[in-house]
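Down below is the structure, laid out as structure tokens.
The values are calculated or read from the model by the stated rules, or taken from the named source; none is laboratory data. Fair warning: this is a prediction, and the values are worked out from it, not measured in the lab. Quick reminder, even Gly has a Cβ in these numbers, built from the backbone with ideal geometry, and neighbours come from all protein chains shown.
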């Protein structure tokens, strides 16, 4: 057996070093380097994969002509939202990392999905909960009884591989990777070295056997996935479950995906009986009755390939303590400061001594640039205490000179607004070129500058 090596790894970013360093050269944090014992991961992973009875494939050089271009048939998870985020389903032999805050619904989502996957043999490995707790959770979720769903409460990686050899599952769930430990590493479960070694062994098993593995991971207080950064690098797909615990809505977002787009978005509603898929999120995110309320603007945004209408709420008030506050929930704070500067410089509204609070309704975090126009409209509406008429929505990016820049997929945005009964939509003038206006029954208001948009809204 090869002698173990000593390495030092930053607990914040995963940077490796041959010796201990006070300050991490990668992330700049102090005293974050921890000593770990590095084993021969290749030998360990190979023996682990071989122990479950799967033949290791020897590598050989290939030309591009010899490689098949056919896509592997994906596993249908019977969940449209999850299938969309994964790029069309679960790829055989892939390893997926599902992260999220405590109590957000990671275990509920994975348990619910696997209970509905009755046509495949599933092994659910729980290192955090007992079998009785899983039974109580499963009883709350409506599902068909199946003998293909197997539960294992175990923390040892070697014992998990033994059970995999006996059961021969088609899908494996590990809940969570931070609770699994291997005997080859002398440290507690959840440490950097344990997470590295266990994830590497599971990756080797997934690639050599063709069995997809789903890992559930924890989130740090900074909002990043706990454990070494290498964990995100070695997996094929990183999916993050987001949302505020005080809201019913949960958002499934793909951060990394080797088999599909990373711009996809799935939406769920947390209920007593589990997570319910939201096919039409626009109806949920809009307030039923906001007529007569100032500071509310509706924007036609796109996340992934799905258009939906988002309600932007703003509150502008006099600064109580001399120093004005700028606060944004669900929107980039720096972007808000830039838009306020544009509003002051190009439109002439003085907000120097005003507190500005911005909120994206529903607990969403939207990164679409087309939200700019609705942010400015909501801030101005609250400042002058004049509500925006019902039936108006908008989409447009605002530049530093006050111009309204074109946005992508304008037809989808207009169709979504028309479908939900809006009568007018403000769009950038440049987007009119090549647009067939006859197929829309909604009034299109093209604008070139911010002033034109505000004039159309407030007269």
Within segment 380-396, the residues that are over 28 Å from the mean Cα position of the chain (by Cα), surrounded by 17 or more Cβ atoms within 10 Å (Cβ to Cβ) and within 23 Å of residue 431 (Cβ to Cβ) are 380, 388, 392
Scanning segment 226-252 for residues that are part of a strand (DSSP E or B) and surrounded by fewer than 21 Cβ atoms within 10 Å (Cβ to Cβ), the one modelled with the lowest pLDDT turns out to be 249
The strands (runs of 3 or more DSSP E) lying entirely within segment 101-205 that contain at least 3 residues which are modelled with pLDDT of 90 or more and under 25 Å from the mean Cα position of the chain (by Cα) are 122-126, 171-175
The correct count of residues that are assigned to a loop (DSSP other than H, G, I, E, B) and either out of contact with any strand residue (DSSP E or B) (no Cβ under 9 Å at 6 or more places or on another chain) or not assigned by TED's automatic domain parsing to the domain that holds residue 337 (or both) in segment 390-439 is 6
Note: among 336, 340, just one is touching a strand residue (DSSP E or B) at 6+ places or on another chain (Cβ under 9 Å), without any contact (Cβ under 8 Å) to a residue 40 or more places away in the chain, buried (at least 20 other Cβ atoms within 10 Å of the Cβ) and under 25 Å from residue 243 (Cα atoms), namely 336
